Amino acid sequence: KPVDRVTRSTLVLHDLLKHTPVGHPDHPLLQDALRISQNFLSSINEEITPRRQSMTVKKGEVSLP
């Protein structure tokens, strides 16, 4: 899934940033890329969560169309 790819890339960016010295010229760029990636994933999660909750039926309940 494409979102899984973004999730993996976010983890790679996080690890790369952890091992990049603060004084390195790429450090601020990596911070921006990580922030953008995390914001994107958060927005995806905010869109998906209400749909999942509306589709979830608790045990013993009946879902009517």
- line: Quick calc, residue 47 & residue 24: beta-carbon distance into FRET formula, R0 30 Å, rounding 0.05, result 0.30
query: Dipole of region 2-48, Cα-centred, from +1 at each Lys and Arg C-beta and -1 at each Asp and Glu C-beta, to the nearest 20 debye?
result: 120 debye
- request: Pop a pseudo-label 7 angstrom from the Cα along the beta-carbon direction at both residue 11 and residue 33 and give the gap in nm to one decimal.
  value: 1.7 nm
message: Keeping all protein chains in the complex and leaving out DNA, RNA and ligands, what accessible area do you get for residue 16 with a 1.4 Å probe, in Å² to the nearest 10?
response: 90 Å²
statement: One can check that the equivalent ellipsoid of region 2-48, built from the alpha-carbon gyration tensor with semi-axes equal to the square roots of five times its eigenvalues, has lengths in Å, largest first, of 23, 10, 6
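The values are calculated or read from the model by the stated rules, or taken from the named source; none is laboratory data. What you are looking at is a predicted structure, and each value in this text was computed from that prediction instead of being measured. All Cβ positions, even for glycine, are placed from backbone atoms using ideal geometry, and neighbour counts span all protein chains on display. The protein model used for the area step is the full one, side chains on, heavy atoms only, and it has no ligands, DNA or RNA in it. Shrake-Rupley method; radii C 1.70, N 1.55, O 1.52, S 1.80 Å.
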